[in-house]
Each structure stands twice: as C-alpha cells, then as structure tokens.
1. Wholly within the range 1-118, which strands (runs of 3 or more DSSP E) include no fewer than the required count, namely at least 2 residues that are touching a residue at least 24 places away in the same chain (Cβ under 8 Å) and touching a Pro at 6+ places or on another chain (Cβ under 7 Å)?
2. Taking Val76 as the residue in question, decide whether it is of a type in the set (Val, Ile, Thr), surrounded by fewer than 17 Cβ atoms within 10 Å (Cβ to Cβ) and farther than 23 Å from Ala270 by Cα.
3. Condition first: closer than 15 Å to Ala270 by Cβ and not in a loop (DSSP other than H, G, I, E, B). Now tell me which residues in the range 190-207 satisfy that.
4. Please work out if Ala119 is modelled with pLDDT of 95 or more, hydrophobic (A, V, I, L, M, F, W, C), over 12 Å from the mean Cα position of the chain (by Cα) and buried (at least 22 other Cβ atoms within 10 Å of the Cβ).
5. Can you confirm whether Ser129 is over 30 Å from Ala86 (Cα atoms), of a type in the set (Gly, Ala, Ser) and part of a helix (DSSP H, G or I)?
6. Is the range 289-308 home to any residue that is closer than 21 Å to Asp235 by Cβ, outside any helix (DSSP H, G or I) and not aromatic (Phe, Trp, Tyr)?
7. Can you pull out every residue in the range 124-155 that is at pLDDT below 90, more than 13 Å from Arg93 (Cα to Cα) and surrounded by 21 or more Cβ atoms within 10 Å (Cβ to Cβ)?
Amino acid sequence: MEPPFTVVGINHKTAPIGIRECVAVSGERLRLLLEELRREAEEAVVVSTCNRTELYLVQPRREPLAIYRDHLGNYVDYTYHHQGLAALRHLFRVAAGLDSLVVGEAQILGQVREGLFAARRAGVTGPVSEQAFQTAIAAGKRARAETGVGRGAVSVAYAAVDLARSVFGDLGGLRALVLGAGEMAERVLEHLVHYGAREVLVLNRTLANAEKLARKYGGRAYGMDHVAAALAEADIVVASAAAPLYIVRYERVREVLRRRDKPIFLIDIALPRNVDPQVGELAGAYLYNLDDLEEVVAHNRAARAGELPRVEEIIENELAGWLEWYAGHLAADRIRRLRAWVEQTIRSELEKNLNGSLDEEESLQRLVHRMAGKAAHPLIKMAKDPELGPALERYLEG
C-alpha cells in the first residue's frame, strides 16, 4: 500500500531565483501558512530554504498542486509533485544533501529539522510525518558519517567565496563586506579569512551581533544606517542577511561608484535577495546571485559522484525501515479500531438486553449468541476469501 505522503514544491532545479524568492516563507508567514495547512491535510510540514520551498502533506484533502497554488502563488510551470514512495524518497534525498545546489551540504539537514520543529510547534504534525522526517534526518546523518559526500568545504557559503576567488584569483589585499550575522554569514567569513582577505567587514541590523562576529574574525562592524560607508570600503560584498527588503539599493551603489575608481563585486546568496537586481546594470558593479553559483559548484558534484551510490543505498535502507514501521502503524491502527468496535458492540447489546423481560439465563444466552454473530461477521467474510481463508483456519487451529 502506498503511504499517504505527498510533496509539492519548487526548487533551484525547476525555478529561477526570482520565482523562488516569491514562495520563500519564514517567521510569521511560515506560522500562518502552517495554520492554513491544518485545514488542507491531516498532517503538514514546510521546508523553505534559499533553494526550495516544499509542502509535505499527509492525506491532503484536495489536489496538492491546488493547495500550493492557493497558498504560495500560481507557479504551476515550475512546480513538481510526488506521491507515496516517490515523495518519501525525495525527502530522504533532500536531507542527505543529494538534491542541494552544493551536493552534500550540511546546512540542509538543520533546515529539514527546523521545518519539522516549526510544524510541531504549530501542532500540524502527526505519526506519519514525524516518523518520515525523523527517519530522513537519520538518513542524512548516516550519509555524512558513512560516506564522503559531505567531506571538505561543501556549502553555499564556500561556493560564494570560491566564485570570488575565480574572479580575483587571490583575495589577499582585498576588503570583503558580509551582510548578515547568522550561520551563513559566519561560514562566509570563515572562508574569506582562510583564503587571505585583507580585512572583513560585517554589516547587520543588530549592531551588537555584527560586532560579536567581526571580533571573532578580526574585522569591523557596521549597523544598517551605515550601508553606504560599508559599501564604499568593500571590494567584495557577500550578502546573506535575512531581510524582507533590499539592503543594497541601486541608487546607493551608483553613488558609491561615482566616488571611486574601482569596481565592486557583489555575490547575493540571500533569499529573498539583499541586493536590488538592477545594481547589475551599473558600470563597475558585477552582481552574482544563487543561480550564478551553478557553474562554480559543478566540479563539486563531479568530485562527489563516486559517493552517490553509497548514499542512495543508505536512503533505500532507511526507506525500507520506514515502510516496515508504517506496516506496523497500519496494523496497530486497525487493531485499535477493531477493539473500539467490539467494545461499542458489547456496550450496545448489554444496554438492549439486560433490561429486557426475559429471565437472566435466557437473556444471557441470547446476548452471547447475538454478540458472537456480530463479532464473527468480518471473520466469516475472511473465511470465504480464497487467500485469507487458509490463514484464518491455521489461526483457529493454533
């Protein structure tokens, strides 16, 4: 039996960044979406990252593509939909890093986990989604522990710095500005310092967080009210801040370029984007985004190609374990419903018969006969079945 598990989504393989940022959800918008999905399916989890926004649904109450369209927008040309085993396998591949822009990246495992936690807080998970996501996370952990798929520096942050290296060759003597102070920003700073950037600058909405991160990597910090000053100093800008609006605007960069005689390279790995796409039209401004990292990470996929069969084997092994759990889950559910039915039958018959006019012994005999007939009815149907009948006979003989 196919499990009632569905995924519908958009990712970096099916949609450009302009579409992906339209469907990205986080914070309050994610909470509201999960509340809405409570009405759409028995269980639901949302996984939304810089490269994907996916709805995982258990027993959706209507067509999954319509659910996605009505809550996130009509992007049917960019949307994929998998059901049953295919949906489970997709989730496991996502958690293992096989469906990432940078194959084997570790960050996606935490993002899958956060998706599960957010859905749990919203009260929209249940036994099927909980077991599916926990098993997927276990598969992702095994993939990293038992294979070399995640060996070395594999992340979007590394790919961004690698792109800067491909442009400049040597980062020595260059000043780099990082927008944001979260996990991605820290990974970017780590790689920039490792590859010899002369100085790193950190710009963030909360100045205290920027200062803390800047101190760790020997750099300087700026608050959001000093964006122009920070841009004026930077040779390279790597944007990874969580912000609903553009931090680096066209007019601001145009003014900075008027006052200097060297270009500025901007790599925007945020979603939604931090840099106004029009900045790329300015003479002296070279703007790259997540989609431009595709060529940079191609060698990453080639280097890890030999590890992929081993990861796929782990995924299939964990998938088999989940299916075994699901078979037990279905049996347990049937047993619970059968017990409830038997108890209700007994209760009903007792209420009808024990208050009758017959003497106690005759009343009890009729009650037993009637209850036995009702209880045996589904077993009689099994006895008539050519496949189930022999198994039932062996059970009765035992």
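The values are calculated or read from the model by the stated rules, or taken from the named source; none is laboratory data. Bear in mind the structure is a predicted one, so any value in this text is a computation, not a measurement. A quick note on method: Cβ atoms are made from the backbone with ideal geometry, for glycine too, and the neighbour counts reach across all protein chains shown.
1. Because the criterion is at least 2 residues that are touching a residue at least 24 places away in the same chain (Cβ under 8 Å) and touching a Pro at 6+ places or on another chain (Cβ under 7 Å), the strands (runs of 3 or more DSSP E) in the range 1-118 that meet it are 5-11, 52-60.
2. yes
3. Residues satisfying the conditions are Val202, Leu203, Asn204.
4. In short, no.
5. No: the conditions fail for Ser129.
6. Within the range 289-308 (the criterion being closer than 21 Å to Asp235 by Cβ, outside any helix (DSSP H, G or I) and not aromatic (Phe, Trp, Tyr)), the answer is yes, since at least one residue qualifies.
7. Gly150, Val154, Ser155
To keep it simple, each residue is scored yes or no on (1) assigned by TED's automatic domain parsing to the domain that holds Asp99; (2) at pLDDT 80 or above; (3) under 30 Å from Leu163 (Cα atoms).
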| residue | (1), (2), (3) |
| --- | --- |
| Ala303 | no, no, yes |
| Leu308 | no, yes, yes |
| Val311 | no, yes, yes |
| Leu319 | no, yes, no |
| Arg339 | no, no, no |
